[in-house]
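Student: One structure follows; several queries about it will come next.
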Amino acid sequence: MKLFDCQECCQTLYFENTACEKCGHRLGYVPEDRDLYAVVRVGVTADHHWQIKGDMSRTFRFCANAEHDVCNWLVPHDQPGNFCLACRHNHTVPSLAKPGNLELWRLIEIAKHRLFYTLIELNLPLVTRAEDPKEGLVFEFLEDTVPGQHVMTGHDDGRITIALAEADDAERERRRKTMHEPYRTLLGHFRHEIGHYYWDRLVRDAPALSACRSVFGDDTEDYAEALKRHYREGAPPHWRDHFVSAYATTHAWEDFAETWAHYLHILDTLETAEAFGVATHPRGVAEAELLSTEVDFDPDKAASIAPLVKAWLPLTFALNSLNRSMGMGDLYPFVLTPGIIDKLGFIHDLIHGWVGASAPEQPKVTHAPVPENSPPPGSPYFADVN
């Protein structure tokens, strides 16, 4: 994610800020501009007209969910509807009459808005249920209501359900340990489930289907049976050679969604690193050259997966090392082998419309020999770009 600053006082801002902590100006995000602005109120009408500080050519109103302090996005005043580009996809939100639900919903919306920042940046299709009553993108944020029965996070024909319990850090950590997962976050859930949605949109009925099957396998396999097998038998031996997570081994759809999620992890983190001018130049180690990188390019404009991987592996090794210095777990506890990098490359090309079309000339990714035993989680597998 890019960095933002206040046009009034130049204070650096977070994406989620609703007011500048330095000068007090109200802040609003304009997704069409991909920018966060200091805004000023125009008049005192009930409709609340707002304009960008220093730019009186456009008028906006805040998303209706700003009333609950869960959204800071702006809607052009001449655009119909009360919700922003992200919140217009909500169908069910938690009951605010129940204590604690508002804060859990706020955490869900933070993750969802970060997801939409990237989807809009990548110019991916965002179709509402009003536009496509059968498969338009819609969100259900549901809480458990029946004792002993838990809401399941998942995707079904454009309908993404996120269990409200996943916004509770303690409950999510309990589930992570129960499922033997190295990583589990709200943003990760959103990125995974939206991967299923885009498989339907970009692959299922598209020319990319054949190429996708050659990379991720047979999606016609019975999904319910594959899921039962996974929970009964677990991941197959040596799965780390070809899958980014154990869950990715379940079915071709899950492999695609897991890889899609990791692509978005990489893309957004690299954009943040580029905004901060992050570079790594380690000293006193034999592999200093392999561990060196400068994130000095726009990740979403990359011609191939190669420059992203070249920057990502040294960056995550450095970030994992910093986390360990704080007594925390690895920021990115995953291994990227050549087979996984090829899958990430497919996602990159698919998003950019290059699968089944003529992609621009791309640098080649070459790999050191794959070790006989996969490295442990947290140890990046390096690739060089010629």
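Throughout, read-outs are computed from the coordinates displayed, never taken from laboratory work. All values derive from a computational prediction rather than experimental measurement. Here the Cβ is made from the backbone with ideal geometry for all residues, glycine too, and neighbour counts use every protein chain on show.
Student: Return the lysines within reach of K343: Cα separation strictly under 19 angstrom, same-chain partners fewer than 8 residues apart disregarded; answer none if there are no such residues.
Tutor: K301, K310, K364
Student: Further question on the same structure: Can you compute the helix-only [θ] at 222 nm over the chain? Use -39500 (n - 2.57) per DSSP H run of at least 4 residues, normalise by all residues, nearest 500 deg cm²/dmol.
Tutor: Mean residue ellipticity at 222 nm (helix-derived): -10500 deg cm²/dmol.
Student: Now, a different point. Place a +1 charge on the Cβ of each Lys and Arg in the chain and a -1 charge on the Cβ of each Asp and Glu, then give the dipole magnitude about the Cα centre in debye, rounded to the nearest 20.
Tutor: Using Cβ point charges on Lys, Arg, Asp and Glu, the chain gives about 540 debye.
Student: To continue, here is another question. Can you find, among V93, V40, G28, the residue sitting farthest towards the positive end of the charge dipole of the range 1-113, where Lys and Arg contribute +1 and Asp and Glu -1 at Cβ?
Tutor: Sorting the options by dipole projection puts first V93.
Student: Do any trypsin sites (Lys or Arg not before Pro) in the range 68-153 lie in a loop, going by DSSP, with at most 11 other beta-carbon atoms within 10 Å of their beta carbon, and if so which?
Tutor: Sites meeting the loop and neighbour criteria: K134.
Student: Along the positive direction of the dipole of the chain (beta-carbon charges: Lys, Arg +1; Asp, Glu -1; about the Cα centre), which of N65, P80, F317 reaches farthest?
Tutor: Projecting each Cα onto the dipole axis, the largest value belongs to N65.
Student: Please get the size of the charge dipole for the range 86-205, origin at its Cα centre, with Cβ charges of +1 on Lys and Arg and -1 on Asp and Glu, quoted in debye to the nearest 20.
Tutor: 200 debye
Student: Under a Cβ-only charge scheme (Lys and Arg +1, Asp and Glu -1), can you give me the dipole magnitude of the range 4-84 about the Cα centre, in debye to the nearest 20?
Tutor: 160 debye
Student: Now a separate question. Send over the semi-axes of the range 1-129's equivalent ellipsoid, whole angstrom and largest first, taken as the square roots of 5 times the C-alpha gyration tensor eigenvalues.
Tutor: Ellipsoid semi-axes (Å, largest first): 22, 17, 17.
Student: Can you order the peptides 256-266, 15-25, 91-101 by their average number of other Cβ atoms within 10 Å per residue, highest first?
Tutor: 256-266, 15-25, 91-101
Student: Can you pull a Stokes-Einstein diffusion coefficient for the range 90-204 at 37 °C (0.692 mPa s), Rh from Kirkwood over Cα pairs, as a whole number of µm²/s?
Tutor: 220 µm²/s
Student: Taking amide H atoms as placed 1.01 Å from N in the peptide plane, list the residues 5 or more away in sequence, or in a different chain, whose amide H sits under 5 Å from that of H25.
Tutor: C20
Student: Report the gain in length on full extension from Y223 to M152: 0.36 nm times residue separation, minus Cα-Cα distance, nm rounded to one decimal.
Tutor: Going from the current span to full extension adds 23.9 nm.
Student: Over the residues of the chain, compute the C-alpha Rg and express it relative to 2.2 N^0.38 Å.
Tutor: Normalised Rg, Cα atoms only: 1.03.
Student: Mind telling me which of S210, S292, S325 comes out most flexible in a GNM of the chain, alpha-carbon contacts under 10 Å?
Tutor: S325
Student: Same structure again: Within a 10 angstrom radius of the beta carbon, how do M152, M1, M179 rank from fewest other beta carbons to most?
Tutor: M152, M179, M1
Student: Pop a pseudo-label 7 angstrom from the Cα along the beta-carbon direction at both D132 and D78 and give the gap in nm to one decimal.
Tutor: Label-label distance for D132 and D78, simple model: 2.8 nm.
Student: For K2, list the aspartates and glutamates whose Cα falls under 15 Å from its own Cα; do not include residues on the same chain fewer than 8 positions away.
Tutor: E16, E32, D33, D35, E121, D268, E271, E274, D296, D298, D300
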